[in-house]
Amino acid sequence: MADPIVYFNDKYMPDSEARLPLLTHCLHYGTGVFEGIRGYYDAGAGEIMLFRAKEHFERMAQNVKFLDLHLPLSPDDLVGVAAELVRKNGFTGDVYVRPISFKSSNKVGVVLPKEESFAMVVVALGRYLDTQKGLHLGVSSWRRLQDNAIPGRGKICGGYVNSALAAQEARDRGFDEAIFLNEDGHVAEGSAMNLFLVRQGRLVTPDVSQGILEGITRETIITLAQDSLGISTGTRAVDRSELYVADEVFLCGTAAEVAPAIRIDGRQVGNGQPGRLTLRLQKLYEDVVHGRMTQYRQWLVPCYHPAARGAGAA
Ligand code: PMP
């Protein structure tokens, strides 16, 4: 798409007209908060459905408080903007919605200035990680950022330097992805995805005080495992050594979806194949995001035929 339509400071406009001065505060100091939302294309229905878009904007509405930013619209109205951007650009494939709220002052100075802007862009996005082959993960030499340095639950732009360092290091060392430990040495998450283990048929994932982002996919997996498979998830501190003895390990996130791991630090996970429970959850997740499970249709927002939205939609 040569010049896509974007949403910038309360207006829809061609991307080429959305200009920012070079001194924009967020560019220098990372003073912004963003989100990432997937939309799945259904060729048969000619529809794109945004997955849990309202929950993403609700999380964003909480996170902007860290930087004294303010969203210009309610979460419901921001879902409407995202759907309108999909329509205006006429996408016919899977998409990724990227809203960003940021400090836009042009003054040099490390404070939290008042001036702020909001933008939303939609791009085409296929797979982010290989969800089929089974990933080789490596524990990063970089520690996950601490809550009292940059809140990791905040999706704060500057905090993603931490993620980029770990993700690049992992690739440079021949791994597909990184696993962050927190400053206590407990397992936190991937560079931009949450992590689950399977031990004795039970799901385990680091609890929200381990420096993780409170992932919407993480919460979706916990719900699907409980409601559809009757499997509960233990949320607690996870030792590094548990990664090596787990029966199954997988990463999950909006971009990453559900991605099984088959090696960690060179050691085989389980039997060295994507795990059985992981694959069941991956299939369930795929069915849910593609609207094949009616009981979860309320999580989907159809962009092209909004009237088709399931009953009970929020
Ligand atoms: N952790 C981090 C650091 C992330 O950036 C993301 C992606 N938003 C996730 C986990 C997964 O969160 P979600 O499922 O809400 O996309």
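Computed with a 1.4 Å probe over protein heavy atoms only, the accessible surface of region 135-289 comes to 39 Å² per residue. Quick check on region 134-189: take the gyration tensor over C-alpha atoms, sort the square-rooted eigenvalues as a ≥ b ≥ c, and tell me if it's rounded (a/c under 1.5), prolate or oblate. Taking the square roots of the gyration eigenvalues as a ≥ b ≥ c, region 134-189 is prolate.
Each helix, a run of at least 4 DSSP H residues, gives -39500 (n - 2.57); summed and divided by the residues of the chain, these come to -7500 deg cm²/dmol at 222 nm.
Could you tell me whether region 216-259 comes out rounded, prolate or oblate from its Cα gyration tensor? Rule is a ≥ b ≥ c as square roots of the eigenvalues, rounded for a/c under 1.5, then prolate if a/b exceeds b/c, otherwise oblate. Display every interim value, and only then the final one.
Working: a/c = 1.94, a/b = 1.32, b/c = 1.47.
Note, shape of region 216-259 comes out oblate.
Highest GNM mean-square fluctuation, the chain, Cα pairs closer than 10 Å: which of A164, A192, A53? In the Gaussian network model the winner is A164.
Note on the chain: GNM, Cα springs under 10 Å; of R218, R19, R127, the largest mean-square fluctuation is that of R19. The calculated FRET efficiency for the pair N106 and D68, based on their C-beta separation and a Förster distance of 30 Å, comes to about 0.95.
The portion of the accessible surface of the chain made up by carbon and sulfur, rounded to a whole percent, is 51 (1.4 Å probe; DNA, RNA and ligands excluded). Between L22 and Q168, the simple label model (points 7 Å from Cα in the Cβ direction) yields a spacing of 2.2 nm. For region 234-314, the ratio of Cα radius of gyration to the globular rule of thumb 2.2 N^0.38 Å stands at 1.44. In region 135-289, the DSSP beta bridges split such that about 60 percent are antiparallel, to the nearest 5.
A compact globular protein would have a Cα radius of gyration near 2.2 N^0.38 Å; the ratio found for the chain is 1.00.
In plain terms, if you count all Cα to Cα distances in region 135-289 and split them into 10 Å steps from zero, the share in each step is 12, 45, 36, 8 percent.
Return the inverse of the average 1/r over all pairs of distinct C-alpha atoms in region 5-124, which is the Kirkwood hydrodynamic radius, in Å to one decimal.
Numbers: mean 1/r = 0.0670 Å⁻¹.
Kirkwood hydrodynamic radius for region 5-124: 14.9 Å.
Count the DSSP beta bridges whose two residues both fall in the chain, then state the antiparallel fraction as a percent rounded to the nearest 5. Restricted to the chain, the bridges split so that about 80 percent are antiparallel. Packing order of peptides 278-284, 255-261, 110-116, 60-66, highest average first: 255-261, 278-284, 60-66, 110-116 (average count of other Cβ atoms within 10 Å over each peptide's residues). Treating each Cα of region 12-76 as an identical point scatterer and summing with the Debye formula, the log10 of I(q)/I(0) at q = 0.18, 0.21, 0.28 Å⁻¹ comes to -0.91, -1.05, -1.14.
The values are calculated or read from the model by the stated rules, or taken from the named source; none is laboratory data. Treat the numbers as computed from the prediction; the structure is a model and nothing was measured. In this analysis, Cβ positions are derived from the backbone assuming ideal geometry, glycine residues included, and neighbour counts consider all displayed protein chains. Side chains are part of the model used for accessible areas, which takes the heavy atoms of the whole protein and leaves out ligands, DNA and RNA. Shrake-Rupley method; radii C 1.70, N 1.55, O 1.52, S 1.80 Å.
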